[in-house]
Amino acid sequence: MISNQILQNTIDGLKGITKVDLCVCDTEGKTLATTMEENDISEDTILNFANSPADSQVVSGYQFFKVFDEHQLEYVLLIKSASDDVYMVGKIAVFQIQSLLVAYKERFDKDNFIKNLLLDNLLLIDIYNRAKKLHIETTARRVVYVIETKNEKDMNALETVRSLFSGRTKDFITAVDEKNIILVHELKATENYEDLTKTAQVIVDMLNTEAMSQVHVAYGTIVPELKDVSRSYKEAKMALDVGKIFYSEQNVAAYNKLGIGRLIYQLPIPLCHMFIKEIFQGKSPDDFDDETLNTINKFFENSLNVSETSRQLYIHRNTLVYRLDKLQKTTGLDLRVFDDAITFKIALMVVKYMHYMENQNR
């Protein structure tokens with residue numbers, strides 16, 4: 001169904017061209033859009049015309065027209081003018097409104113199809129049959145972006161994304177839940193993952209500026225066929241969660257760059273508790289003081305380089321060595337040894353994951 005605002009914009013444009021006043025009513029005679037200051041046609045008169053077999057008719061100085069949507073009466077159009085061209089103007093207006101009905105119905109059908117495709121609600125044969133009817137290419141390269149907004153039902157963010165990709169008629173923008181906007185993006189043959197990251201950053205910047213909305217954007221892997229779009233969507237959703245857990249300072253998360261975080265995200269919580277208990281001997285990284293945690297993080301940031309870490313922490317090299325020795329006595333892990341450093345790093349990530357899941361389940 002076309003919104004009343006769209007109908008109003010349409011007849012305003014037609015009046016601007018033809019200098020003829022128009023009024024669109026529903027099949028019960030209620031006015032939906034009009035350029036007339038007033039009209040003296042009763043709802044009963046409109047209802048009688050709607051129930052008559054005539055497609056057009058002159059009643060009380062008004063020219064009436066019926067607007068059909070696939071043989072179903074949708075609107076009644078009224079025109080009042082002394083011009084001899086009133087009938088032609090009416091037929092043009094009817095054609096315009098019927099064309100809008102077709103366009104909006106096709107847009108709704110495509111949106112519904114893409115939602116079901118993302119959620120794996122379609123059989124393979126249905127995907128190809130419906131794609132053919134809707135004129136959607138099945139073998140194009142595509143990727144799915146998930147855009148999480150801070151506020152639920154953020155219509156400003158949705159409209160901003162639509163305006164950003166308005167020139168790309170083969171992209172699809174929809175929403176499958178309250179907080180996430182989904183972009184199914186068709187790629188050119190030359191586009192790669194570096195281009196995907198740039199596009200994601202453009203979305204973040206645009207929404208921060210235009211819609212004043214803080215967002216996180218994640219994307220899946222590039223898929224070669226329409227039937228695989230749901231896989232890219234699931235990957236993007238996972239990337240969004242993993243990104244928030246392990247890379248919270250970043251606004252863009254790519255599935256192909258999640259690294260070990262992707263593996264940890266799929267671990268059962270009981271196994272995580274067992275692992276942490278074994279590594280930290282019943283303790284937790286939460287028990288470490290801020291100075292120790294800062295030293296650990298900076299040491300990892302500098303690829304286990306003692307000299308560079310001590311320089312950035314503004315401490316003597318021996319002070320850093322002392323802290324690392326103290327940590328080794330507490331945990332049994334020497335961060336200067338590569339294998340121990342990997343174990344410690346994974347343990348810290350597992351703890352982050354556990355905290356995230358506990359907060360989600362509250």
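The values are calculated or read from the model by the stated rules, or taken from the named source; none is laboratory data. Source: prediction; values computed, not measured. All Cβ positions, glycine included, derive from the backbone under ideal geometry; neighbour counts span all protein chains shown. Side chains are part of the model used for accessible areas, which takes the heavy atoms of the whole protein and leaves out ligands, DNA and RNA. Shrake-Rupley method; radii C 1.70, N 1.55, O 1.52, S 1.80 Å.
Give the number of residues within segment 123-147 that are of a type in the set (V, I, T) and either in a helix (DSSP H, G or I) or over 28 Å from L164 (Cβ atoms) (or both). Break it down into steps so the answer makes sense when it comes.
First, the residues of segment 123-147 that are of a type in the set (V, I, T): 125, 127, 136, 138-139, 143-144, 146-147.
Those left that are additionally either in a helix (DSSP H, G or I) or over 28 Å from L164 (Cβ atoms) (or both): 125, 127.
Adding up the residues that qualify gives 2.
Would you mind stating whether V350 is closer than 30 Å to V204 by Cβ and in contact with a helix residue (DSSP H, G or I) (Cβ under 8 Å, 6 or more places away or on another chain)? First the steps, then the outcome.
Working: closer than 30 Å to V204 by Cβ: yes; in contact with a helix residue (DSSP H, G or I) (Cβ under 8 Å, 6 or more places away or on another chain): yes.
Here the answer is yes, as V350 does meet what is asked.
Kindly check whether there is at least one residue in segment 10-32 that is among the small types (G, A, S) and touching a Gly at 6+ places or on another chain (Cβ under 9 Å).
So in segment 10-32, the residues among the small types (G, A, S) come out as 13, 16, 29.
Filter once more, keeping what is touching a Gly at 6+ places or on another chain (Cβ under 9 Å): none.
No, the conditions are met nowhere in segment 10-32.
Scan segment 308-330 and give yes if some residue there is surrounded by fewer than 18 Cβ atoms within 10 Å (Cβ to Cβ) and closer than 30 Å to Q266 by Cβ, otherwise no.
Yes.
I need the full set of residues from segment 79-102 which are at pLDDT 90 or above, open to solvent by less than 60 Å² (accessible area, probe 1.4 Å) and among the aliphatic types (A, V, I, L, M), in order please.
The answer is I79, V89, A93, V94, I97.
Might you check whether a residue that is over 38 Å from the mean Cα position of the chain (by Cα) and free of Cβ contacts under 8 Å to residues at least 24 places away in the same chain occurs anywhere in segment 69-86?
Here is the first cut: in segment 69-86, the ones over 38 Å from the mean Cα position of the chain (by Cα) are 78-86.
If we keep only those that are free of Cβ contacts under 8 Å to residues at least 24 places away in the same chain as well, we get 82, 84.
Looking through segment 69-86, at least one residue is over 38 Å from the mean Cα position of the chain (by Cα) and free of Cβ contacts under 8 Å to residues at least 24 places away in the same chain.
For segment 36-80, please list each of the strands (runs of 3 or more DSSP E) lying entirely inside it that holds at least 3 residues being under 14 Å from C25 (Cβ atoms) and touching a Gly at 6+ places or on another chain (Cβ under 8 Å).
Numbers: elements: 56-59, 62-69, 72-80.
Of the strands (runs of 3 or more DSSP E) lying wholly inside segment 36-80, those with at least 3 residues that are under 14 Å from C25 (Cβ atoms) and touching a Gly at 6+ places or on another chain (Cβ under 8 Å) span 72-80.
Looking only at segment 252-262, which residues are crowded, with 20+ Cβ neighbours inside 10 Å and outside any helix (DSSP H, G or I)?
Applying the first criterion (crowded, with 20+ Cβ neighbours inside 10 Å) to segment 252-262 yields 252-255, 258, 261.
The answer is V252, A253, A254, L258.
All but one of (1) modelled with pLDDT of 90 or more; (2) more than 30 Å from Q201 (Cβ to Cβ) hold for K105, so report the exception by its number.
Status for K105: all satisfied but (1).
Taking the residues in segment 45-65 that are touching a residue at least 24 places away in the same chain (Cβ under 8 Å) and in contact with a helix residue (DSSP H, G or I) (Cβ under 8 Å, 6 or more places away or on another chain) as candidates, determine which candidate is surrounded by the most Cβ atoms within 10 Å (Cβ to Cβ). Explain how you work it out, then say what you get.
Filtering segment 45-65 down to residues touching a residue at least 24 places away in the same chain (Cβ under 8 Å) leaves 46, 49-50, 56, 63, 65.
Still in the list and also in contact with a helix residue (DSSP H, G or I) (Cβ under 8 Å, 6 or more places away or on another chain): 56, 63, 65.
Numbers: S56: 15, Q63: 19, F65: 23.
My answer is F65.
For the list (1) surrounded by fewer than 18 Cβ atoms within 10 Å (Cβ to Cβ); (2) over 26 Å from I173 (Cβ atoms), I need the number of the one condition that V76 fails.
(1)
When you look at D286, is it open to solvent by 80 Å² or more (accessible area, probe 1.4 Å), at pLDDT below 90 and either in contact with a strand residue (DSSP E or B) (Cβ under 9 Å, 6 or more places away or on another chain) or more than 24 Å from R262 (Cα to Cα) (or both), yes or no? Even if it seems obvious, please write down each step before you answer.
Values: open to solvent by 80 Å² or more (accessible area, probe 1.4 Å): yes; at pLDDT below 90: yes; either in contact with a strand residue (DSSP E or B) (Cβ under 9 Å, 6 or more places away or on another chain) or more than 24 Å from R262 (Cα to Cα) (or both): no.
Against the criterion (open to solvent by 80 Å² or more (accessible area, probe 1.4 Å), at pLDDT below 90 and either in contact with a strand residue (DSSP E or B) (Cβ under 9 Å, 6 or more places away or on another chain) or more than 24 Å from R262 (Cα to Cα) (or both)), D286 does not qualify.
Against the conditions (1) exposed (fewer than 15 other Cβ atoms within 10 Å of the Cβ); (2) modelled with pLDDT under 90, where does N9 fall short? Just the number, please.
(2)
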